[in-house]
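First the structure, in the form of structure tokens, and then the observations on it.
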Amino acid sequence: MSRHASGWMAAVGLAALLGAGCASDPSGPAAAAPSEDLRFHNWWNYYERGMARLQDDQVTAAREDFERCLELRPGARFGNPKDALRVRTYGMHALDSYFPNRELGVCLYLGGQADRAIPYLEKSLQQAPSGRARHYLNLARRQQLAAAALAPPRIEVDAASRAVWTRERVRDLAGVARAEGRVQDLAVNGSPVFIELAEAAQPFREPVTLREGINPIRITARDLAGRETSETLEWRADWRPPALVITRAEPAGGDWKVEGFAVDDQELARFEVGGLAVPAPAAGGRTPLRLTLKAGAQAVILLEDRAGNRMQSKLSAEALARDWASAATWQLAAAGPGAAIPEAAPADAKKPNLQLSVGDGEAVVVYHDQFFLDGVVRDRGGLRQLTVMGESQLDEGQEGCIEKHFSTFIDLEPGTNLVWITARDLAGNSASQQVAIVRRLADYLNEEYRLTVALPPLSHVAQDTAAFKAHQVLSGKIRSRPVRFRLLERNEGWEAILQEQQLSQSALADPSVQLRVGKLLAAELVFLGSLLQEGRGLTLRVQVTESSQGEALFTEDVYSEDPAGDLAFQAEGLVMKIKQRLPLMDGQVVKVSGGRALVNVGALRGVTSASRFVVAHPPAAGAPREAAVVVRTGERFVQLAVADLQAESAAALVLPAEAIGQVQAGDLIYAR
């Protein structure tokens, strides 16, 4: 075998494995290794020879062959000017990865002609987008801009992201980076944002995990010429709501005079009593409260801090009369922060009065990872301690108060969470309550309903370590939350099926075998992956195929010339692109007729001909949407399979057939 034939095999041979379930016939001219003296003068013969020459760094000779493919130079009997992942050559023969515009652009760039390279690379991206074309278009544009005097990038953060205060644990940072020299790199707190093609305007939306208190957020943008701009925001995460402390309650001719203060550990923004604002809230300090409650009256107290945490409670003359009737005046036992807490009179044997927004022993069902608990505790002898799950709710200077209105967020684990609330007074009397909070996952979010995916080993001709690493990253990101696909592992049947079908591990290099095994595994989608040596870099490509019909839905790829440095990052980006093509979404059944249902989501929302939806009846009135229960017939869940796709709607078949009649207009649907 000639040196050129060997080079062609490395660069192009593996690509022939990536068709929609079949490989090209190796006996025909389209698959024969090219030589310097071509027997046939078809466009595909010149393309194959050009790839072999480029692999051997014969850039000028390769460029001439690609020009012949495009009929820019005589030689080929006829040309084919359109880039495509798969093209027919003659008869039933096909060629995979035909990119003459892209490869001509690569050759022109490598030959120092960036200006001439750019139009061909742009045309390639218009016809058949690829990571390699984006990579070299970035390089060509960088060379073109090298001598230009351009302003550095500028960063425009959305108004919502500029708000300093937040009560979120994970918050989206959104905005756009702009640069005359095109934004190529963007990072948030040092973590790079996945960008393939440098653009003059690069929108971004990145989730940032926060810690309580001050969080500096640094955004860095760099253009193709290396000009860099950074901006630092400051977010203040406050997860603790304000509190109301009552220090004195005194009867006055049938009325009650009440004194106390509102307090927040960060900054109080709003303080209302009976709908009237209390002026001048103190930042990080106390805002005094003095009011007179008429007999039988009550006042609603509303507190809100700068982060939006709220506490709402009420003061009632009736409750004061009931709790404090045995004494003329009850007041704060401590003079202030640092003062000694006196012992209560031995006669005080009454437990603190602890009241929660949920009843003692009550089980509460929620569908989120946090629960907002609020309540009030009163004790005429003064409070010494108030804890929720062992965490104190009495700050410095509040011990000895006679009433505390409190609220807190409780982090929840899946399942039942037992929460203990304990109050103890100065005399040692204590009161406790337990609340059971059941955290459930919305039924329709169960992984059982996600589309099942098979990810066979990557096809590759070299770079075994890189292929193994890329497969690991792809597997990990496919499984990452929110779960979009249910990945079938090898221990779920791969080995047994290979043995049953008398197939070796090496047989999995054939996409038709991968598809057959995926179908036997009951995988609804098969991700046919490959790692291709293309020129000086590696292309990681995944063809997403619907297994029942063998229909190739789409193909995405990424390209790297530094596989040791950024192949894992590129693989993460590839999974992100696949998930964007098959997005999670919800909608509603608009109409049902026979075995078909019309739904209110279509192609504009990302619905494809392979989309399937799980069906759930709406929850009871007043219940959250997450309480909707998936419709089942026997042990099988009911789903809708798209049959007719429109821009804003789709007609779908009700499956299984025996479920026809269970699906109704108004039912909720969720992407599988």
Next on the checklist: Just to be sure before I move on: is GLY573 touching a residue at least 12 places away in the same chain (Cβ under 8 Å), touching a Pro at 6+ places or on another chain (Cβ under 9 Å) and small (Gly, Ala, Ser) in the structure I sent?
Outcome noted: no
Next on the checklist: If I filter region 160-174 down to residues being open to solvent by 20 Å² or more (accessible area, probe 1.4 Å) and of a type in the set (Lys, Arg), which single residue comes out as nearest to LEU137 (Cα to Cα)?
Outcome noted: ARG162
Item to check | Which numbered condition ALA522 misses (of (1) assigned to a helix (DSSP H, G or I); (2) open to solvent by 20 Å² or more (accessible area, probe 1.4 Å)) | outcome: (1)
Item to check | Residue check, GLN549 farther than 24 Å from ALA657 by Cβ and of a type in the set (S, T, N, Q) | outcome: no
Item to check | Residue under evaluation GLU447, criteria (1) buried (at least 17 other Cβ atoms within 10 Å of the Cβ); (2) without any contact (Cβ under 8 Å) to a residue 60 or more places away in the chain, criterion not met | outcome: (1)
Checklist outcome for this item: (1) open to solvent by less than 50 Å² (accessible area, probe 1.4 Å); (2) without any contact (Cβ under 8 Å) to a residue 12 or more places away in the chain all hold for GLN113 apart from (1)
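For (1) part of a loop (DSSP other than H, G, I, E, B); (2) in contact with a helix residue (DSSP H, G or I) (Cβ under 7 Å, 6 or more places away or on another chain); (3) within 30 Å of PRO192 (Cβ to Cβ), each residue gets a yes or a no:
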residue: GLU206; (1), (2), (3): no, no, yes
residue: ARG211; (1), (2), (3): yes, no, yes
residue: ALA221; (1), (2), (3): no, no, yes
residue: ALA225; (1), (2), (3): yes, yes, yes
residue: GLU234; (1), (2), (3): no, no, yes
residue: ARG240; (1), (2), (3): yes, no, no
residue: GLU250; (1), (2), (3): no, no, no
residue: ALA262; (1), (2), (3): no, no, no
Item to check | Scan of region 634-644 for residues that are open to solvent by less than 60 Å² (accessible area, probe 1.4 Å) and either hydrophobic (A, V, I, L, M, F, W, C) or at pLDDT below 95 (or both), ordered by number | outcome: PHE637, VAL638, LEU640, ALA641, VAL642, ALA643
Item to check | Close pairs (6 angstrom Cβ cut-off, 6 or more residues apart or separate chains): modelled with pLDDT of 95 or more in region 646-672, acidic (Asp, Glu) anywhere | outcome: ALA651/ASP644; TYR670/ASP586
Checklist entry - Any residue at all in region 88-110 that is among the aliphatic types (A, V, I, L, M), under 43 Å from the mean Cα position of the chain (by Cα), modelled with pLDDT of 95 or more and assigned to a loop (DSSP other than H, G, I, E, B)? => result no
Checklist entry - Right, LYS257: modelled with pLDDT of 90 or more, open to solvent by 30 Å² or more (accessible area, probe 1.4 Å), in a strand (DSSP E or B) and within 21 Å of PRO352 (Cβ to Cβ) or not? => result no
Checklist entry - Which of the residues belonging to region 388-425 are part of a loop (DSSP other than H, G, I, E, B) and open to solvent by 50 Å² or more (accessible area, probe 1.4 Å)? => result MET389, GLY390, ASP395, GLU396, GLU399, GLU413, PRO414
Checklist entry - When you scan region 144-159, how many residues do you find that are of a type outside the set (A, V, I, L, M, F, W, C), modelled with pLDDT of 95 or more and surrounded by fewer than 18 Cβ atoms within 10 Å (Cβ to Cβ)? => result 4
Item to check | Residue that is farthest from HIS368 (Cα to Cα), among those in region 646-664 that are open to solvent by 50 Å² or more (accessible area, probe 1.4 Å) and within 26 Å of the chain's Cα centre (by Cα) | outcome: ALA647
Next on the checklist: Here is a list: ARG227, ARG222, ARG218. Which entry is buried (at least 20 other Cβ atoms within 10 Å of the Cβ) and out of contact with any Lys or Arg (no Cβ under 9 Å at 6 or more places or on another chain)?
Outcome noted: ARG222
Item to check | Subset of region 177-194 [over 19 Å from the mean Cα position of the chain (by Cα) and either under 28 Å from PRO241 (Cα atoms) or of a type in the set (A, V, I, L, M) (or both)] | outcome: ALA177, ALA179, VAL183
Item to check | Number of the exception - ALA620 against (1) in contact with a helix residue (DSSP H, G or I) (Cβ under 8 Å, 6 or more places away or on another chain); (2) free of Cβ contacts under 8 Å to residues at least 40 places away in the same chain; (3) closer than 16 Å to SER593 by Cβ; (4) not hydroxyl-bearing (Ser, Thr, Tyr) | outcome: (3)
Checklist entry - Mind checking which residues of region 175-193 are under 25 Å from VAL575 (Cα atoms) and surrounded by 15 or more Cβ atoms within 10 Å (Cβ to Cβ)? => result GLY175, VAL176, ALA177, ARG182, VAL183, GLN184, ASP185, LEU186, ALA187, VAL188, ASN189, VAL193
Checklist entry - Looking at (1) among the hydrophobic types (A, V, I, L, M, F, W, C); (2) over 24 Å from ILE410 (Cβ atoms); (3) modelled with pLDDT of 95 or more; (4) out of contact with any Pro (no Cβ under 8 Å at 6 or more places or on another chain), which is the only condition LEU244 fails? => result (2)
Checklist entry - So which residues in region 426-441 are outside any strand (DSSP E or B) and buried (at least 18 other Cβ atoms within 10 Å of the Cβ)? => result LEU426, ALA427
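The values are calculated or read from the model by the stated rules, or taken from the named source; none is laboratory data. Predicted model only: the values in this text are computed from it and were never measured. So basically every Cβ, Gly included, is an ideal-geometry build from the backbone, and we count neighbours across all protein chains shown. Heavy atoms of the whole protein, side chains included, go into the accessibility calculation; ligands, DNA and RNA do not. Shrake-Rupley method; radii C 1.70, N 1.55, O 1.52, S 1.80 Å.
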